[in-house]
Amino acid sequence: MAGPVKLLMPKRLKPTGLYGVLIAILVVVAFCKPLFANPLDEIDNDLLRSYTTAELQHGAWSLQVPARAVYRDAMETLEAGDTEAARRKLMLAARMSGDYPDPLFALARIDLRAGRTDFIIHLIEGFDREVRSFNGQALLAANLVIMATAVSFTVLFLTLIFLLARHWPEYDHKIREIYGGRFAFPPARFIGPLLILGLLIARAGIALYSALMIVVLWPVIGRREKAAILTVTIFICAVSVLSPRLETLTAAVDEGSVTRRLAMINDSGADSRLIKSIGSIDDQRFRAERDFALGTMKSRMGLYEEARDHLLASVQERGDFAPAYLNLGNVYFRQGDFNRALAGYQNVVSIDSTSALAWFNIGQTYINKMLFAESSDALEKARELGIERYNEANPATALIELDIYDCGFPATELWRIAYREGGSGKSGILDGIFRPWLLFPLRWMWLLLAAAVTAGVILAKNVPGSWEVFFCTNCGLTTCSDCADTDTGITLCHNCTAAISGLSSTKVMEALLRHRRQKVRSIRSRGGWLKMKVVPGSSKIMLGSIWSGMFIMAVAACASFTLIWNGAYLGDPRGAGSAAPLLQRIAAAVVIVLCWLATIRSRRKREQVNYRILPQDFRVSEPEDDRLGTPQSLDLEDTSSASRAAPEPAVRRRFTDEDVKAQDAFKEYLEKL
Amino acid sequence: MALEGNAKDFGLSEIFQLISIQKKSGMLSVSGDENMAIFFQDGLIVSTRDRRARARDPLKDYLLRYGFIGRDEMNNLQQIQARSGMDLTDILLQEKYFSDEELSTIFTEQMYETVQEVLSWPKSYYKFVTGSNVLVGVPTFNALKVEGLLMESMRRIDEFPEMRRIFPSGEMVVRRLPAPPGSSVRLEKNEEIVYNMLSEETSISDLVSHSRMARFNTYEALKNLLEKELLEITKDTSPVAEEVEEEVLEKKAQSGRKLAPTLAVVFTLIACFFAGEYAVPAILPPGWTAEAFSSDPRPSVSSGGGMLSADLDEFRLRRLEATVSEGLEEYFAVKGTYPFTLEVLAVRKFVTRDTISRVHQAGIVYRMGESGQDYSLALE
C-alpha cells in the first residue's frame, strides 16, 4: 500500500452508515496518491536515486545495494561528525531494505552514545532482520553449526590432553618400572614423553589422537570425567551422523547453488544476468522452482507472455506451489484478465488459506471488478492475516505505488529446496572445513569415537591387577603393587619406604615422612604452573572440576574463534566492505582474558601440612642388637691370641647390660691380680 | 651492646670468668683458627654447638673422630637430620644410639675438648651476645661450671705437650704388656678401655680413632699404661697399615644395553616422522574428496548448472566472486559505471584490500565492458 494518505471528504457527501464509509475509504486508498514526500528524494546521489528507482521498477522489494550505498555514505557522514545527518541516512537505509540489519545496529550505537532509549528498539529490530531473511538464517545457522562443531572438537581434544596430563603419572610409573627394570639408557623418565613425541611427529590428526586418548584414559578417569567426555563425544557423534543432512546448510550458503540463485529473486530486481543465471539451472528436481523464478523475473520486466508460460509450466510441474499461482494471477491482473487473475488467487487460498498476499490481491482484483463488498472482505481478511508484516519485511514497497504484490520464495520454501539440494550428503563442505585438522571424514567420526569408547570400556575391565597403579598415602605419588610397602599399615611408595628404612623411632619416621610429603607437594605446586594455567579452563580440569573447566574452555574457544574468523567463519558477501566492529574484537578479547583469569585463580585445596601419617597403633619392634657381640674376657698373659674385644670400627656400639657386666668382671679380675 | 674484642688484649679465660661471675646468658662467638660458639646459661656453659647453617657441628666431628659412629652411619644420620629437621642429639636418642646418660657424657667431653681447642688458639677474636633468646632451640645435656672447665682445660693444655713428647707420632705402634707377676695393678676406666683395645699391635692414630674417648684421655691412658709398664712402644716396626677396606662403589650395571634401546628410540622416532610424511597423507589425506566414499561422483567444476561446490576451495571461490560482484554492483549504483579495475573498489572501500588480494591469488580476472555498463569476472 502507499504511504499514509489524507482523506479528503467533501462536506456534501454523507456516508450512509459505516458500510459506505468503508467503501469510500477503500476507494480513496486505492486510487489516491500519497501526499508525503517520497523518501527516495532524500538520496543525495542522483545516480543512486535512478538506480534505486530502476530496481524498484524491476520488482526489487529489498533494495540491498542502494541500502548499502546509503549506509556507507551515512558512516562517512558520521565519521565527519555530522551525527544528525548520519542518523537520517541510516533511517533511510533501514527503510530501503527489510533484511539489512547494519543500519539499525549503527542507529542503536548512535542512540546508545546519545543516551536515547531507542537503541533497544533498533537493536531488537536489527536482530530480527538478521534472522528474518533466508540469507540471514542460512548464514546464522551455518556459522552456528561450524562454531559449535569447532568448539566441541577443541574442547574434547584439550580436555583429553589435560586429563592425560593429570593422570600421566599413573602411566609413567608403569612405563618406568617396566622399562627401567630392563634398560638404563635412555632414562626411563624420558620414555613416556618420547612415545608422545613419536605420535606427534606422525601427525595423525586430531581425530585419531582424540580416539587414542579416550582409549588410554578410560580405565583411569573417574565417573564425572567419563560423563563429561561422553557428553561432548555424543554431541560430536550427533554432528557426525547428521553431517550429510547438515550439508543442507551448504546449499543455503553456497553462492552457486540452486537455492542461492533462486533466492536472488527475493533480493534483486529482474535483470538479464539474473535471468541467465536462473535459466542455467538444469537440475530437473527444481524445474518447477526454476520456471517460477523465471516467470517472476519476466513478469517484473513486463514480459508477461513469457512469464505466463513459465508460471504455467511451474504450476503444472507442482500443483501445490502457491507462490506460482499468485504470480500467475498477477500476470493475468497486469494483462487485465481479472477473472483469470482471481482464479489464480483462489488457487492460492485453496492451498494456503492464510496467505495475506493472496487475499490482498483478491481484494484489489475485486476493486477493479467493482465488487467492493467482496473486496472489502478480502482486504479485511488480508489485514487480519497480517499484510502489514509483508510491508514491514519489504519496506521498499512503500517507496513505489503498487496495486498488487507478487511473491518471491518464502524462507521455508527455500529451506526445502536447500534440503533437497544438499541433504543428500554428497557434498563435503563441512567435512572440508574440519578435515585438515581431523584427518578423518567427519561423517565417520561417530564410528571412530564409538569404537574408542568401546575399546576404553573393554580395556578398563581387563586391566591386569599388576598394572593397577595407586597413590602413596604419604606423598601422593604413584605406586603399584610391585613397589608399594604396606608394612607400616599405610601404603607407602618406594621412596617414602626408603626414607624411613632402618629406623626404629616413630617420631623420626613421622618427621621424615612429613618432610618428604611437604617436599613433594612443593615440587608439584611449583612445576605444574605451565600445564595448569596456559589454557583457559585447564587448571579446573587438572584440579578435578571438569565441568567448569570444559565450560570455561568452550567459552574461551568461542571467543577465540570469533577473533580468528573476524566474527564468523562465513561472512556475508553483501557486507564485505565493512570490517568487523572493533567492539566485537574487544569483547572477544575481554572474554578470553576473563576466562584465563578464572583459570589462574584456581588453587589446589589447602591440605593440612603437619599431621600424623602413621597409624596410631604402629610400633617398630626393637631391633636385635646383634652387631655388638659379647665382650670377651681378657687374658692379660696371652696377648697374641686373644681376640679383639673392642668393637669393630664403624660399627654402631651400644652400651648394653652385657657390656657393663663384662667391665665389672674385668675390674674384679684386675683387683684379684 | 655486645662484649667483643681481641683475645690478645683480654684473654678468653678472663672472658669466661667474667661471664660466669656475672651469671650471664648468651652466646660467645670466637673466631680464630675456626669459628666456634659457646653458649652460656646463667654463667654455666651448656653447649658449644653452633646452630648456624654454615658452622660445622663439633659433636659430629667428635663422634666421628673417636669412633662412636662410623662415617656411613653418620652420613645416614645427616640425611635423616636434613630431611626431618630434627637435631642430631634427638635422632641419636630416638634411634637409641646412646642413652641419655651416655650422650650426656659424650656431650660433656666434647665441650671440654672444644673449649680446650679454643683456649689454645694463639689469636682469636671474640664477641659475646647476651640474651636468653640466643639459647632458644639449643639442645643441652649438661651445664658445666666455668671454673672447673677452665681448670681442666688448662691442665690438658699443660700436660698434653708432655704426652706428645712421649708419643710424638700418631704412627707409633704400641702393644700391651702383661702385668708383671706378683704386682697388683689397678686401672682407671679409660686405661681399661685402651688396654682392652691393645690385644694386637695398634698405631696410636688407630687407637685414638677407635677409643671412643677424647684424644687427651687416650693419650693420658697410654701414658699411664706406659708408666705402669703395661704398654710397650714397638720401635722400628712399621706400623701395620691397616687395610681400610673402602667400599668400592659399583657402577650401575651398564651392561652394554645402552645401545639397543637408544637405537630403538631413534628408529621409532624416524619411523614416526616418515609415517607422518608419507603414510598418513596416503591413508588419511587432507582434502580427500567425497568421491572416495561416494559411488555417484559429481563433476568437480560448477559451471553454472546450479551445482553445489564439490569442495571447500570451490565454495570459497564462489563466495569470493559473490563478494566482488556485490561490491561492483554497489559501485555501479553510486557511480553509474563499473570500475576500471578492482583496486578502485578497495580504494573506495567497497571491498577490503584483503578481498582484492585473495581475488588475485585465486586467479580471478576482472574486465570492464566497453561502455562501462557491464563487466566480466572469470577464473583464468
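The values are calculated or read from the model by the stated rules, or taken from the named source; none is laboratory data. Predicted, not measured: the structure shown is a model, and the values here were computed from it. Reconstructed Cβ throughout: ideal geometry from the backbone, glycine too, with neighbour counts over all protein chains shown.
From the list A:GLU380, A:GLU384, A:GLU317, A:GLU374, the lone residue that is more than 18 Å from A:GLU413 (Cα to Cα), within 43 Å of the chain's Cα centre (by Cα) and without any contact (Cβ under 8 Å) to a residue 40 or more places away in the chain is A:GLU384.
Give the residues of the stretch A:225-256 that are closer than 17 Å to B:GLU326 by Cα and either away from chain B (no Cβ under 14 Å) or touching a residue at least 12 places away in the same chain (Cβ under 8 Å) (or both), sorted by residue number.
A:VAL253, A:ASP254, A:GLU255
Scanning the stretch B:350-380 for residues that are over 20 Å from B:GLU314 (Cα atoms), part of a loop (DSSP other than H, G, I, E, B) and in contact with a strand residue (DSSP E or B) (Cβ under 9 Å, 6 or more places away or on another chain) yields a count of 2.
Can you name every one of the helices (runs of 4 or more DSSP H) wholly within the stretch B:234-349 that holds 1 or more residues which are at pLDDT 80 or above?
Working: elements: B:259-274, B:280-283, B:312-335, B:343-347.
Because the criterion is at least 1 residues that are at pLDDT 80 or above, the helices (runs of 4 or more DSSP H) in the stretch B:234-349 that meet it are B:259-274, B:312-335, B:343-347.
Here's the yes/no breakdown for (1) more than 11 Å from chain A (Cβ to nearest Cβ); (2) exposed (fewer than 13 other Cβ atoms within 10 Å of the Cβ); (3) over 25 Å from B:ARG51 (Cβ atoms):
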| residue | (1), (2), (3) |
| --- | --- |
| B:ASP100 | yes, yes, no |
| B:SER104 | yes, no, no |
| B:GLN110 | yes, no, no |
| B:GLU113 | yes, no, no |
| B:SER153 | yes, no, no |
| B:PRO181 | no, yes, yes |
| B:ILE193 | no, no, yes |
| B:ASN196 | no, no, yes |
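Would you check if there is a residue in the stretch B:152-164 being charged (D, E, K, R) and farther than 27 Å from B:PHE107 by Cα? Walk me through how you get there before you give the answer.
Here is the first cut: in the stretch B:152-164, the residues charged (D, E, K, R) are B:152, B:155-156, B:158-159, B:162, B:164.
Now narrow it down to the ones that are farther than 27 Å from B:PHE107 by Cα: none.
Within the stretch B:152-164, not a single residue is charged (D, E, K, R) and farther than 27 Å from B:PHE107 by Cα.
None of A:CYS483, A:CYS496 is assigned to a helix (DSSP H, G or I), more than 9 Å from chain B (Cβ to nearest Cβ), farther than 30 Å from B:PRO281 by Cβ and not basic (Lys, Arg) except A:CYS496.
Here's the yes/no breakdown for (1) over 30 Å from A:ILE265 (Cα atoms); (2) surrounded by 16 or more Cβ atoms within 10 Å (Cβ to Cβ); (3) within 14 Å of another protein chain (Cβ to nearest Cβ):
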position	(1), (2), (3)
A:ALA148	yes, no, no
A:LEU156	yes, yes, no
A:ARG166	yes, yes, no
A:TYR179	yes, yes, yes
A:ILE196	yes, no, yes
A:LEU200	yes, no, yes
A:ILE221	yes, yes, no
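In the stretch B:137-220, counting only helices (runs of 4 or more DSSP H) that sit wholly within it, the ones holding 1 or more residues that are out of contact with any Asp or Glu (no Cβ under 8 Å at 6 or more places or on another chain) and among the acidic types (Asp, Glu) span B:146-166, B:189-197.
Is at least one residue of the stretch B:36-52 of a type in the set (A, V, I, L, M), on the phi < 0 side of the Ramachandran plot and not in a strand (DSSP E or B)? No - not one qualifying residue is present in the stretch B:36-52. For the stretch A:454-463, state whether one or more residues are within 27 Å of B:GLU73 (Cβ to Cβ) and modelled with pLDDT under 85. No, because not a single residue in the stretch A:454-463 is within 27 Å of B:GLU73 (Cβ to Cβ) and modelled with pLDDT under 85. Screening B:ARG156 against (1) modelled with pLDDT under 90; (2) more than 29 Å from B:ASP206 (Cβ to Cβ) leaves a single unmet condition, (2). Across the stretch A:393-452, the number of residues qualifying as in contact with an Asp or Glu (Cβ under 9 Å, 6 or more places away or on another chain) and aromatic (Phe, Trp, Tyr) comes to 1.
When we screen A:GLU392, A:GLU374, A:GLU380, A:GLU421 for residues that are within 18 Å of A:SER133 (Cα to Cα) and either in a helix (DSSP H, G or I) or among the aromatic types (Phe, Trp, Tyr) (or both), the only hit is A:GLU392.
In the stretch B:80-98, which residues are at the interface with another protein chain (Cβ under 9 Å from one of its Cβ atoms) and assigned to a helix (DSSP H, G or I)?
Residues of the stretch B:80-98 that are at the interface with another protein chain (Cβ under 9 Å from one of its Cβ atoms), as a first pass: B:80, B:82-86, B:90-91, B:93-98.
Selection gives B:ILE80, B:ALA82, B:ARG83, B:SER84, B:ASP90, B:ILE91, B:LEU93, B:GLN94.
Hey, could you check the stretch A:245-284 for residues that are basic (Lys, Arg) and surrounded by fewer than 18 Cβ atoms within 10 Å (Cβ to Cβ) and say which is modelled with the highest pLDDT?
Step one: filter the stretch A:245-284 for residues basic (Lys, Arg), giving A:245, A:260-261, A:273, A:276.
Pick out the ones that are also surrounded by fewer than 18 Cβ atoms within 10 Å (Cβ to Cβ) and you get A:245, A:273, A:276.
Working: A:ARG245: 82, A:ARG273: 84, A:LYS276: 89.
Of everything passing the filter in the stretch A:245-284, A:LYS276 is modelled with the highest pLDDT.
Can you pull out the residues in the stretch A:559-574 that are at the interface with chain B (Cβ under 10 Å from one of its Cβ atoms), in a loop (DSSP other than H, G, I, E, B) and of a type outside the set (D, E, K, R)?
Let us first name the residues in the stretch A:559-574 that are at the interface with chain B (Cβ under 10 Å from one of its Cβ atoms), namely A:566, A:570-574.
Next cut, in a loop (DSSP other than H, G, I, E, B) only: A:566, A:570-572.
Of everything in the stretch A:559-574, those that are at the interface with chain B (Cβ under 10 Å from one of its Cβ atoms), in a loop (DSSP other than H, G, I, E, B) and of a type outside the set (D, E, K, R) turn out to be A:ASN566, A:LEU570, A:GLY571.
Only residues that are more than 14 Å from A:MET213 (Cα to Cα) and β-branched (Val, Ile, Thr): list them for the stretch A:183-201, please. Within the stretch A:183-201, A:ILE191, A:ILE201 meet the criteria.
Checking A:ARG129, A:ARG68 one by one, the residue that is basic (Lys, Arg) and in contact with a Pro (Cβ under 8 Å, 6 or more places away or on another chain) is A:ARG129 and no other.
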